[in-house]
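The values are calculated or read from the model by the stated rules, or taken from the named source; none is laboratory data. It should be emphasised that the depicted structure is a prediction, and the values quoted were computed from it without experimental measurement. Glycine gets a Cβ as well: all are built from the backbone with ideal geometry, and neighbour counts include every protein chain shown.
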Amino acid sequence: MTAELRVVATPIGNLGDLTPRAQQALATADLVLCEDTRHSGALLHHLGLKKPLWSLHAHNETARIDSVLQALAEGQAIALVSDAGTPCLSDPGAELVAAVRHAGYPVTSLPGPFAAAVALAAAGMTPVPFAFWGFLAKKSGERQRQLQARLLPGPEGPMSHAFYVPGRDVPELLADLQAVAPAARVCVARELTKIHEGFLLGTPAEVAAQLRPEHERGEAVLLVEIRAKPAGSDKWIEAELLEKIEQARKEGQRAKQAVADLAAASGWSRNDVYARWVASDAE
Ligand code: SAM
């Protein structure tokens, strides 16, 4: 018996992408940890395998650690999979891996699909350096703030940024990109490795114009290539300005001083700040 944790990448849509090593790692595991026991049960069934399955997802990962360490102490070989792709990358598992390493057990990684890398390899954009950011915030204001803070060129030139996005949210994300980095090159890589795989390329506005209702189904990776710091990228987004106006009002600041301070800090003109100050009083 060999106590070890095997982090096993699984397909992101095409079963042909399950490597022979991944199959072997699953076939010889004593126990499989997975996000959804029904989903991974079907994968094991497809491989003709029957294994004890323990759920490990965002809401129980911390609580699972002790029982996993106990199973390792008993000498079990444990495989960790997620619903799709590489565990730990925008998926559960990183906390467990750290705990298993801390406890001194071996951890091995069985490579396979990682949607961001699959997209980047075929997009024709700067592949190195690239930054992987996973999912963005759900609210548009917060999302634009995140984009503004993250979408930078590399230290020596162009750099690509990869985001995960459910297909239905692609239009909203493109609108945010239009506001934050209108000149960027964008690639929406959809349904990778599946029958309806597709790539939409262009500026945020050009890609938005290519979108069709069917593009909102399924899953997508959104790549953004930044060549230079977008002009005006130090300017606050409107949501941030409105938030600060509300805060200044709550603090009882006087209009003239607050407008002058906010204009200086935000990159917005005094007239624009003043117009929003007045409008915020009417709400
Ligand atoms: N750990 C996975 C990986 O290695 O890529 C990612 C899991 S994350 C919960 C799911 C997100 O990955 C989706 O919302 C989508 O953004 C992206 N994704 C997964 N499969 C995809 C596919 N076949 N085509 C495009 N994007 C995909």
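Quick notes
- Any chance GLY157 is exposed (fewer than 14 other Cβ atoms within 10 Å of the Cβ), of a type in the set (Gly, Ala, Ser) and in contact (Cβ under 8 Å) with a residue 60 or more places away in the chain: yes
- Residues in the stretch 92-117 that are of a type in the set (Gly, Ala, Ser) and either more than 21 Å from ALA184 (Cβ to Cβ) or more than 12 Å from the ligand (Cβ to nearest atom) (or both): GLY93, ALA94, ALA98, ALA99, ALA103, GLY104, SER109, GLY112.
- Test for ALA58: is it more than 14 Å from the ligand (Cβ to nearest atom) and in contact (Cβ under 8 Å) with a residue 12 or more places away in the chain: no
- Exactly one residue among LEU89, LEU151, LEU136, LEU120 is farther than 30 Å from LEU26 by Cβ, surrounded by 17 or more Cβ atoms within 10 Å (Cβ to Cβ), within 16 Å of the ligand (Cβ to nearest atom) and under 15 Å from the mean Cα position of the chain (by Cα), and that residue is LEU136.
- Residue within the stretch 8-18 that is touching a residue at least 12 places away in the same chain (Cβ under 8 Å), surrounded by 21 or more Cβ atoms within 10 Å (Cβ to Cβ) and over 22 Å from GLU191 (Cβ atoms) present: yes
- Some residue of the stretch 136-156 being more than 22 Å from TRP236 (Cα to Cα) and either touching a helix residue (DSSP H, G or I) at 6+ places or on another chain (Cβ under 7 Å) or outside the structural domain of LEU200 (by TED's automatic domain parsing) (or both): no
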